[in-house]
Amino acid sequence: MIVFGKKQMTEQKNLVSNTRKLAQLIVDSKFQIDELNVAKKCFVDYLASAYVSRNEPAVKRLFDTLKNAGPAKLLGQAGTASSDHAALFNGFAAHYNDFDDVQANFRGHPSVVIYSALLALADGTESADRFFEAYIVGVEIAGQIGFQVNPTHKLSGYHTTATLGTIAAAASLPFFKRFSLGQTIDILSFAATQATGLGMEAGTDTKPMHAGLAAQRAVQSYQFVSSQLTTNQDVFNNQTGWVKIVVGQELDLDLIESTWLTPAQIITPGIWFKRHQFCSAAMSGYDAIKQGYLQGINIKNIKQVIFHFRPFGDKVLRYKQPLNGQEGKFSIEYIAWQILTFGDVNDELFDSSVSTEKFQEMSYLFKRVNDLKNIAVDQREILVEFVRTDKSINTIYIDWPQGSPQNPLTMDEIYVKLAHALSIDENELFDILTAGLTSKSVAGLLNIIARI
């Protein structure tokens, strides 16, 4: 009996090591100026993604449900809510049109979950640098864990924005609010025990709700810690922890320690920014089809369009024959049909109320195969084969589309993205953003939101 007791105590002592190591990395994090610059670009893009959806019926309905007399701003709406409701609403709104940024190792959308959580708890007195550094911490957690658990986790059917996103958003908060090591361990535990969400919801309102729920769970985890509730002290242990139970593998904390912020996940593999409101998995296909159209290929002179993906490279593009525009966000066929018919995509055609009947009539033109080699996870390669009615064949290969880290959008282009989302003069917006982003406190960032 005595021997068993000693063994049990030894096991418990060992079990705390993984999460304590992770929490220590969060608490001790140091940053570079280039990381802060990307974080600021992500913030502007986040605002664009939230405000472009401000008049969507589903966003309005959720606003009516959640608005109350709380302290936190609801983006794009004339109202406020409690911190947890604001995190839920802002995450939902910012992800609703699928206009938001992506990180390759995470295989999810970092800004909609992390910034929604941070803004929900910001009171304006905090350091602006601390705000952006906290965002970088969240991206680092998502990318580091994502690097180890993906593609298994993603391909098994989980929506990583909901799962890893909950943990990432929660990890940003103890750094932002200067939690102790013990409190950081607690918030990770509360977050991981809530981290779930199914990929099958793509094409429905539940997918953007995953982003809102992830941000809300992070804020609630912060509130639970503030209430001094107890947790298991090693939610990332390799026997019964989150990664072991959900993904079925062990988490290598030594690897995370040796690569933490060297380089930062926000830099390598970096952040992808979108120009249109569809899934990032279609970005390379979009560029290839657009190039083909500019070379004279269109819906009238095409006999067949064959999309060549790597194995599972098109898995999240789950709809080959979408029934409405919202499902069409996740259909390379629907995107290609728009370009070949109209010369480009029209983001209004990605609405759930839009019928795809005209596309359905032409859907026989499109075919997918998965025969490309399996290259690096941070690339989105595609080869599009155009078979014309005159029997000639053109092929276009894309691996780094515009908006990817190797072919990035500039800050000015992100400014324009926000200006278009707001229908505001670009020069006026530039003055507002410049003042806010150079402010030393979060009050300056909140002032951006107040003025737009």
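The values are calculated or read from the model by the stated rules, or taken from the named source; none is laboratory data. In this text the structure is predicted, and so the values were computed from the model without any measurement. Here the Cβ positions follow ideal geometry from the backbone for every residue, glycine too, while neighbour counts run over all protein chains shown. These accessible areas exclude ligands, DNA and RNA; they are computed on the full protein's heavy atoms, side chains included. Shrake-Rupley method; radii C 1.70, N 1.55, O 1.52, S 1.80 Å.
This table checks each residue for (1) under 11 Å from Ala48 (Cβ atoms); (2) modelled with pLDDT of 95 or more.
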{"residue": "Gly403", "(1), (2)": "no, yes"}
{"residue": "Asn407", "(1), (2)": "no, yes"}
{"residue": "Glu413", "(1), (2)": "yes, yes"}
{"residue": "Leu418", "(1), (2)": "yes, yes"}
{"residue": "Ser423", "(1), (2)": "no, no"}
{"residue": "Asn427", "(1), (2)": "no, no"}
{"residue": "Thr438", "(1), (2)": "no, yes"}
{"residue": "Ser441", "(1), (2)": "no, yes"}
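Looking at the stretch 404-425, which of the residues that are more than 22 Å from the chain's Cα centre (by Cα) and open to solvent by less than 90 Å² (accessible area, probe 1.4 Å) is nearest to Arg107 (Cα to Cα)? First the steps, then the outcome.
Residues of the stretch 404-425 that are more than 22 Å from the chain's Cα centre (by Cα), as a first pass: 423-425.
Filter again for open to solvent by less than 90 Å² (accessible area, probe 1.4 Å), leaving 424-425.
Working: Ile424: 32, Asp425: 34 Å.
Among those that are more than 22 Å from the chain's Cα centre (by Cα) and open to solvent by less than 90 Å² (accessible area, probe 1.4 Å), it is Ile424.
What single numbered condition from (1) closer than 20 Å to Ala72 by Cα; (2) open to solvent by 30 Å² or more (accessible area, probe 1.4 Å); (3) in a helix (DSSP H, G or I) fails to hold for Gln183?
Status for Gln183: all satisfied but (1).
Among the residues of the stretch 102-113, is there at least one that is part of a loop (DSSP other than H, G, I, E, B) and over 20 Å from Ala170 (Cβ atoms)?
Yes: the stretch 102-113 contains one or more residues that are part of a loop (DSSP other than H, G, I, E, B) and over 20 Å from Ala170 (Cβ atoms).
Cβ-Cβ below 9 Å, separation at least six or inter-chain, first residue in the stretch 44-60 and touching a residue at least 12 places away in the same chain (Cβ under 8 Å), second among the acidic types (Asp, Glu) and open to solvent by 10 Å² or more (accessible area, probe 1.4 Å): which pairs?
Listed pairs, sorted by first residue: Val52/Asp347; Glu56/Asp351; Ala58/Asp205.
Output the number of the condition that Met362 fails; it satisfies all remaining conditions of (1) of a type outside the set (Phe, Trp, Tyr); (2) open to solvent by 20 Å² or more (accessible area, probe 1.4 Å); (3) over 15 Å from Gln291 (Cβ atoms); (4) in a loop (DSSP other than H, G, I, E, B).
Unmet condition: (4).
Among the residues that make up the stretch 249-265, is at least one of them of a type in the set (A, V, I, L, M, F, W, C), over 18 Å from Leu173 (Cβ atoms) and open to solvent by 80 Å² or more (accessible area, probe 1.4 Å)?
No, that holds for no residue.
Identify, please: which residue in the stretch 143-163 is among the small types (Gly, Ala, Ser) and either part of a loop (DSSP other than H, G, I, E, B) or in contact with a helix residue (DSSP H, G or I) (Cβ under 7 Å, 6 or more places away or on another chain) (or both) and is, among those, surrounded by the fewest Cβ atoms within 10 Å (Cβ to Cβ)?
Gly157
Counting just the residues of the stretch 369-384 that are under 24 Å from Lys274 (Cα atoms) and out of contact with any Lys or Arg (no Cβ under 7 Å at 6 or more places or on another chain), which one comes out surrounded by the fewest Cβ atoms within 10 Å (Cβ to Cβ)?
Among them, the one singled out is Ala376.
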